[in-house]
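Contents: one structure, followed by commentary.
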Amino acid sequence: MVVKEKSAELAAGVRAAAPLLVAMVPIGVVFGAVAVSKGLSALEACLMSLLVFAGGSQFVAMDLWTHPASWVALGFAALLVNLRHVLMSASIAAKLEGFSGWRKYVAMLVLTDESWALSEFRAMNAKLTPAFFTGAALSIYAVWNISTLAGALLGSVMGDMTLIGLDFAFPAVFIVLLMGFWKGTETGLVLLASAITAWFTHLYIPGAWYIASGALAGLAVAAFSADEQQPENEKNKLEQAA
């Protein structure tokens, strides 16, 4: 019975991830093609996806890629891009009651924006189980790596594949994820603050600082909104009690 339940949860994780998997295929293909165009071999591009497994960081690394590569610049850029994982892991930590100690650490190794969002959605309606997370996260990992391989092989013979517009899939996926968390004006203000701050930072400060500045601006607005709403919520509770 336990095995049957775990299998059902595993399948549920894969089903939940399925729409995102379709959208991730062109993103992985574009990355593989871009990596090859920068001078990496197909094997090196695939190893990067296997070992790094962070689409945003991998694309930023390709933007900064030179011969020879500046490992300090690449590492620092990857750190800035992936700082959001601190927030995502803190957000999801309270939903991992069913995970043993070592499972939590393993889960964080394959945590992505997509698997985080799917897990948060799941936790809103039911208990987040290790099997569900595994189904979602590992299917994303598999599709990302297979797509990278396809892009690396195709890119070596077809040239720059971004010319056909496949790179639009990246922002499209994030727009879909954001809409899943939409809460009206509050969410809109957070997104607006992040976008404007990131845009100005990108214009005037070189590097990947726009990612960190956008995240901090969004956090500041979210924290301010929460402080504003707390007195109103307490007032409503008092009125209901009266």
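Just so it is clear, none of the values below were taken in a lab; they were calculated from the coordinates. Not measured: the values here are computed from a predicted model.
Per 0.36 nm of contour for each residue apart, how much would the distance between residue 89 and residue 199 grow if the chain were fully extended, relative to their Cα-Cα spacing? Intermediate values should be presented prior to the final figure.
On the way: separation 110, 0.36 × 110 = 39.60 nm, distance 2.57 nm.
Full extension from residue 89 to residue 199 adds 37.0 nm.
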note = Note, segment 211-218: 3J(HN,Hα) by Karplus (6.51, -1.76, 1.60, θ = phi - 60°), whole Hz, Gly/Pro = x, goes 5, 5, 5, x, 5, 5, 5, x
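Kindly identify segment 1-72 as rounded, prolate or oblate by the Cα gyration tensor criterion: order the square roots of the eigenvalues as a ≥ b ≥ c, call it rounded if a/c is under 1.5, otherwise compare a/b with b/c, prolate if a/b is larger, else oblate. Walk me through the intermediate numbers first.
Values: a/c = 3.42, a/b = 2.61, b/c = 1.31.
Prolate shape, in that a/c is at least 1.5 and a/b is the bigger ratio.
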task = Using θ = phi - 60° and the Karplus relation 6.51 cos²θ - 1.76 cosθ + 1.60, list the HN-Hα couplings for segment 94-105 in order, rounded to whole Hz, with x at every Gly or Pro.
result = 6, 9, 9, 4, x, 9, 6, x, 5, 5, 4, 5
